[in-house]
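Encoded as structure tokens, the structure appears first; notes follow it.
The values are calculated or read from the model by the stated rules, or taken from the named source; none is laboratory data. As the structure is a computational prediction, the values presented were derived from the model and not from experiment. For neighbour counting, all protein chains shown are included, and Cβ atoms are generated from backbone atoms with ideal geometry for every residue, glycine included.
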Amino acid sequence: MKILVVIENTDAPDSLTDMIKEETSHNVVGIAKEEMDGIYFMKEDVPDLVITDLRMDEADRNALFSRLQKNVGGG
């Protein structure tokens with residue numbers, strides 16, 4: 001499974017990614033600390049799962065998921 005992590009908190013993405021790599025066989029395809037970086041990673045490789053911060057600005061979150069929907073052919 002390809003996982004993209006998009007979390008604005010400075011320490012959380014690295015900690016979460018380390019845990020995923022150590023405890024699972026899943027592949028983290030990108031770590032983004034802002035929505036635009038997440039969109040860049042989605043252009044390179046469409047993830048199966050996106051983990052994001054619920055506290056992310058609503059406009060940023062909507063842009064991220066709008067782009068994801070377009071990349072997978074859902075919109």
| Candidate set: region 37-62, residues that are more than 25 Å from Ser15 (Cβ to Cβ) and not polar (S, T, N, Q); chosen: the one modelled with the highest pLDDT | Lys43
| request: Sort out which residues of region 1-52 are in a loop (DSSP other than H, G, I, E, B) and of a type in the set (Val, Ile, Thr), and write them in order of number. | output: Ile7, Thr10, Thr24, Val46
| message | Looking only at region 1-38, count every residue that is under 17 Å from Leu54 (Cβ atoms), small (Gly, Ala, Ser) and under 13 Å from the mean Cα position of the chain (by Cα) and tell me the total. | response | 3
| Out of region 42-67, which residues are under 12 Å from Lys2 (Cβ atoms), in contact (Cβ under 8 Å) with a residue 24 or more places away in the chain and among the charged types (D, E, K, R)? | Asp45, Asp48
| request: Kindly check whether there is at least one residue in region 66-74 that is surrounded by 11 or more Cβ atoms within 10 Å (Cβ to Cβ), in a helix (DSSP H, G or I), within 10 Å of the chain's Cα centre (by Cα) and modelled with pLDDT under 85. | output: yes
